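Trainee: Sharing a structure here in C-alpha cells format.
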Amino acid sequence: MQEKLDQLLALLKGARHAIALTGAGVSTLSGIPDFRSANGLYSQDWHGMSVEEILSIDVFRAHPEYFYGMKIFVQPEGKYQPNVVHTVLARMEEKHLMGTVFTQNIDRLHTLAGSKDVVELHGSASTNHCLKCGAAYPFAQIVETACQGNVPRCPKCGGVIKPDIVFYGENLDENALDRADEETRRCDLMLVLGTSLVVQPAASLPFMAARHGAKLVIVNAQPTPLDSYAALRFTDLKAVFEFLDKNI
Ligand code: ZN
C-alpha cells in the first residue's frame, strides 16, 4: 500500500493536467446514503415505487409530493459536511495540482469544501425552476418548504418548483457534457473516486480520458469495468485521502 501511495503522489505531482470524477462513494463518507447501492435507498419502497421511479421526471410531474416527501434529496445547508476527499481536492486545486472536478453527486459538498472548478453532471438544488413559467429560484428560497417535505410552489404562477437535479428521463446539461468532452481530451491524469462507473454517460469519461492517453487512478470499494485500464487501483478512499491530506 505505501509504495502505491508514493506512486500516486508522484503521479499527482508530475501531472501536467489532472482532473477528477467523483461518485456516491465520496458522499457516503459524509454520511449521505448511497441511493444506487444494493443496500441503498433504491431497495426501499415509497408509495409502492422504487426511488428510481420517484426520481423519474414523469413521476415528478404527476406527484412532486413523493420526491419532496422523502426529504432526502434536498437537505438544509450544514446537515452534511465535506469530508477529507472534498477538502483535499479543494486544496489540490488551490495548489494547481487539480483541474476540474466532475461529480455525479448532487450534494454540493465539493463547492462547500472550496473547490471552484466543479461540474455537477447530475445538477444540484443550488438552482431551481418553476415547471410552469420557468422562473428561477435560489436554494435559499425553496429550502424551508422542501425540507419540511412540502412541495415548493412558484409565487408568480403557482407552478411546482423543481430543483435543477437531472431526473431520469431528462438530458444532462449540454455545457457539462461539453466540458467533460474537452477535459477528458486535455487531461493526462484522471482520478476516479467512489464510483463504480455503471451510470452513463459519466461512466464513459474515464474511458475517453484513457483513450486519449491519460493515466487513470481508480479508488473504489467495488470493482469497476475499467479496472484493467488503471495505472493505480485502490479500494479504500478514506485511507488514500488521509495519506494525501498529510502529504499535499
Ligand atoms: Zn411559475
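The values are calculated or read from the model by the stated rules, or taken from the named source; none is laboratory data. Everything numeric here is computed off the predicted structure, so don't read it as measured data. Positions of Cβ are backbone-derived with ideal geometry, glycine not excepted, and every protein chain shown enters the neighbour counts.
Trainee: If G114 satisfies every condition in (1) within 16 Å of the ligand (Cβ to nearest atom); (2) under 30 Å from T22 (Cβ atoms) but one, which is the exception?
Mentor: (1) is the only condition that G114 fails.
Trainee: Restricting attention to the range 105-123, and to residues there that are assigned to a loop (DSSP other than H, G, I, E, B) and charged (D, E, K, R), which single residue is surrounded by the fewest Cβ atoms within 10 Å (Cβ to Cβ)? Walk me through how you get there before you give the answer.
Mentor: Initially, the range 105-123 is screened for residues assigned to a loop (DSSP other than H, G, I, E, B), giving 105-108, 114-117, 121-122.
With the extra rule that they be charged (D, E, K, R), the set shrinks to 107-108, 116-117.
Working: D107: 22, R108: 19, K116: 11, D117: 14.
My answer is K116.
Trainee: Further, regarding this structure: Can you pull out the residues in the range 83-104 that are outside any helix (DSSP H, G or I) and either β-branched (V, I, T) or under 27 Å from R16 (Cβ atoms) (or both)?
Mentor: We begin by selecting, within the range 83-104, every residue outside any helix (DSSP H, G or I); these are 83, 95-104.
Hits for the range 83-104 are K95, H96, L97, M98, G99, T100, V101, F102, T103, Q104.
Trainee: Look at the range 71-120 and say how many of its residues are modelled with pLDDT of 95 or more, farther than 25 Å from K246 by Cα and of a type in the set (A, V, I, L, M, F, W, C).
Mentor: Residues meeting the conditions: 1.
Trainee: Name the residues in the range 3-57 that are charged (D, E, K, R) and at pLDDT below 90, would you?
Mentor: Restricting attention to the range 3-57, the residues satisfying the condition of being charged (D, E, K, R) are 3-4, 6, 13, 16, 34, 36, 45, 52-53.
The answer is D34, R36, D45, E52, E53.
Trainee: Does F73 meet the test of being within 29 Å of K238 (Cα to Cα), part of a loop (DSSP other than H, G, I, E, B) and either in contact with a strand residue (DSSP E or B) (Cβ under 7 Å, 6 or more places away or on another chain) or within 16 Å of the ligand (Cβ to nearest atom) (or both)? Outline the logic, then answer.
Mentor: Numbers: within 29 Å of K238 (Cα to Cα): yes; part of a loop (DSSP other than H, G, I, E, B): yes; either in contact with a strand residue (DSSP E or B) (Cβ under 7 Å, 6 or more places away or on another chain) or within 16 Å of the ligand (Cβ to nearest atom) (or both): yes.
The answer is yes for F73.
Trainee: Is there any pair with a first residue in the range 143-160 that is over 14 Å from F73 (Cα atoms) and among the aliphatic types (A, V, I, L, M) and a second that is more than 9 Å from the ligand (Cβ to nearest atom) and not in a strand (DSSP E or B) whose Cβ atoms are under 9 Å apart and which are 6 or more apart or on different chains, and what are they?
Mentor: Close Cβ pairs satisfying both conditions: V160/F60; V160/R61; V160/P64; V160/V151; V160/P152.
Trainee: Which fully enclosed strands (runs of 3 or more DSSP E) of the range 124-231 have 2 or more residues being away from the ligand (no atom under 16 Å from the Cβ) and under 28 Å from K13 (Cβ atoms)?
Mentor: On the way: elements: 136-138, 161-165, 189-193, 215-219.
Filter on the range 124-231 gives 189-193, 215-219.
Trainee: May I ask you to list pairs of residues, at least six apart or on different chains, whose Cβ atoms are under 8 Å apart, with the first in the range 52-63 being touching a residue at least 40 places away in the same chain (Cβ under 8 Å) and in a helix (DSSP H, G or I) and the second being loosely packed, with under 14 Cβ neighbours inside 10 Å and of a type in the set (G, A, S)?
Mentor: Within 8 Å, the pairs are I57/G169; D58/G169.
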